[in-house]
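The values are calculated or read from the model by the stated rules, or taken from the named source; none is laboratory data. All figures in this text were calculated on a predicted structure; none of them were measured in a lab. Note that each Cβ is placed from the backbone with ideal geometry, even for glycine, and that neighbours are counted across all protein chains shown. Quick note on the areas: whole protein, heavy atoms, side chains included, nothing else; ligands and nucleic acids left out. Shrake-Rupley method; radii C 1.70, N 1.55, O 1.52, S 1.80 Å.
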Protein chains: 2
Amino acid sequence: VSSPDTQHAEARQPVLGLLGGTGEQGSGLALRFAASGLDVVVGSRDPGRAAAAAADLSATLAAVPGAGRVSGADNGSCARQSDVVVVAVPWAAHEHTLRDLAGELAGRVVVDCVNPLGFDKRGAYALEVPQGSAAQQAAELLPQSRVVAAFHHVSAVLLRDTDLPAVHCDVLVLGEDREATDLVAALADRIPGMRGVFGGRLRNARQVEALTANLISVNRRYKTHAGVGITGV
Amino acid sequence: VSSPDTQHAEARQPVLGLLGGTGEQGSGLALRFAASGLDVVVGSRDPGRAAAAAADLSATLAAVPGAGRVSGADNGSCARQSDVVVVAVPWAAHEHTLRDLAGELAGRVVVDCVNPLGFDKRGAYALEVPQGSAAQQAAELLPQSRVVAAFHHVSAVLLRDTDLPAVHCDVLVLGEDREATDLVAALADRIPGMRGVFGGRLRNARQVEALTANLISVNRRYKTHAGVGITGV
């Protein structure tokens, strides 16, 4: 018989970390991934806020059979504890957060879901990024990580709505590394209603990030929380 | 009783022109719009090619009850005869075609569906456009037209497949003029399976055009003809 340690290693699910896990998008993804059975580490600059957010999520998840454990940590510790790390910080914090955490994120699959958007009276618009996209900036700053772009278009409102058993949308997953994009697509598949669809290389991440501006226009016009579907797949 | 002329004016559907109507995308849209009952003018630089394409389409449509008439013309005459003009020329011909036809296109609703893409060994990628997008370039070149961006993601293969009674996808419709975007969304709604969805202002057209590169990656990976859906609308 195999030892408990070996059994654990064989059956082991990835631990999922969320940098900026106390924000709307991060906590929404944390909730859904923990509900799907993964252990989740909520990261924040402020470990106190991370712990409070983790306690809130744990209380919500107490009613969910088979839910994973949720803990809180500062962003660096979150990265070290996790196999897959979702970057859900505001765009303004993207560059310095990743620059500071390059060591902790080495060897991890890093999932960038950050949308570089500006807002004015006429709505949202895409910001210029020197590297082309937030995901390409992440890849430049994290040469020892496998960077994947995904979860850009998932409504935080729907993710956080515990009355909704499923979140119906497709998640475009972009990256250079087939193993990493397959892993992230499989993560999307864990959330009821959601499906991961490979969407190309990181050089085509810019328009995926920017499309969120169009979805904001859709939301405004139709009073909804729009998402993207891919027909024909 | 009203005169035949007045009746005609009251009931009159827009005549739809297609610049580059002999190409795959243009002829596919021509087929579907004529099948929906609209009169369609296929435009080409070469009026002989336009006439031949129109004759082919007319032969296909002979079996479709209620189909509109299809005629061919050079691009300038196509623009003059039409109320709504779809720009379906290759990106390389976009700027000079619209510059040459600015007079003929004055007063028309111009629907730009051109995707500025490059291709290399690794697949498709978005090209830089000085004005930001093909649609913004059209708006700059055609100050007397109402420019709308739409139909970027509709598979030409599916449009042209006469065995398919419907083409299931959503069409993001972008523009500055509510009347014009509503008109173009209603045109999309005429094609079975298709739905027009307002997707924002022209400043957000770039990512909609560029997303076609991602759909090409989807097609390659999943051996399909992918399209876009908007969930929540």
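Taken over region B:184-233, the criterion of being part of a loop (DSSP other than H, G, I, E, B), open to solvent by 40 Å² or more (accessible area, probe 1.4 Å) and either in contact with a helix residue (DSSP H, G or I) (Cβ under 9 Å, 6 or more places away or on another chain) or aliphatic (A, V, I, L, M) (or both) is satisfied by B:PRO192, B:ARG201, B:HIS225, B:GLY232, B:VAL233. A single entry from A:ARG45, A:ARG49 fulfils the requirement of being at pLDDT 95 or above and out of contact with any helix residue (DSSP H, G or I) (no Cβ under 9 Å at 6 or more places or on another chain): A:ARG49.
The combined condition, being open to solvent by less than 10 Å² (accessible area, probe 1.4 Å), within 11 Å of another protein chain (Cβ to nearest Cβ) and more than 29 Å from B:SER58 (Cα to Cα), is not fulfilled by B:LEU142. Checked against (1) at the interface with chain A (Cβ under 10 Å from one of its Cβ atoms); (2) touching a Leu at 6+ places or on another chain (Cβ under 8 Å), B:ARG190 passes all but condition (1).
When B:LEU159 is tested against the conditions (1) open to solvent by less than 50 Å² (accessible area, probe 1.4 Å); (2) out of contact with any helix residue (DSSP H, G or I) (no Cβ under 7 Å at 6 or more places or on another chain); (3) over 23 Å from B:LEU101 (Cα atoms), the lone failure is (2). Checked against (1) out of contact with any Lys or Arg (no Cβ under 6 Å at 6 or more places or on another chain); (2) more than 23 Å from A:ARG195 (Cβ to Cβ); (3) in contact (Cβ under 8 Å) with a residue 12 or more places away in the chain, A:ASP83 passes all but a single condition, namely (2). Residues in region A:109-133 that are in contact (Cβ under 8 Å) with a residue 40 or more places away in the chain and either within 13 Å of chain B (Cβ to nearest Cβ) or of a type in the set (Lys, Arg) (or both): A:ASN115, A:PRO116, A:LEU117, A:GLY123, A:ALA124, A:TYR125, A:ALA126, A:VAL129, A:GLY132, A:SER133. Residues that are of a type outside the set (D, E, K, R) and surrounded by fewer than 16 Cβ atoms within 10 Å (Cβ to Cβ) within region B:61-88 comprise B:ALA62, B:ALA63, B:VAL64, B:PRO65, B:GLY66, listed in sequence order.
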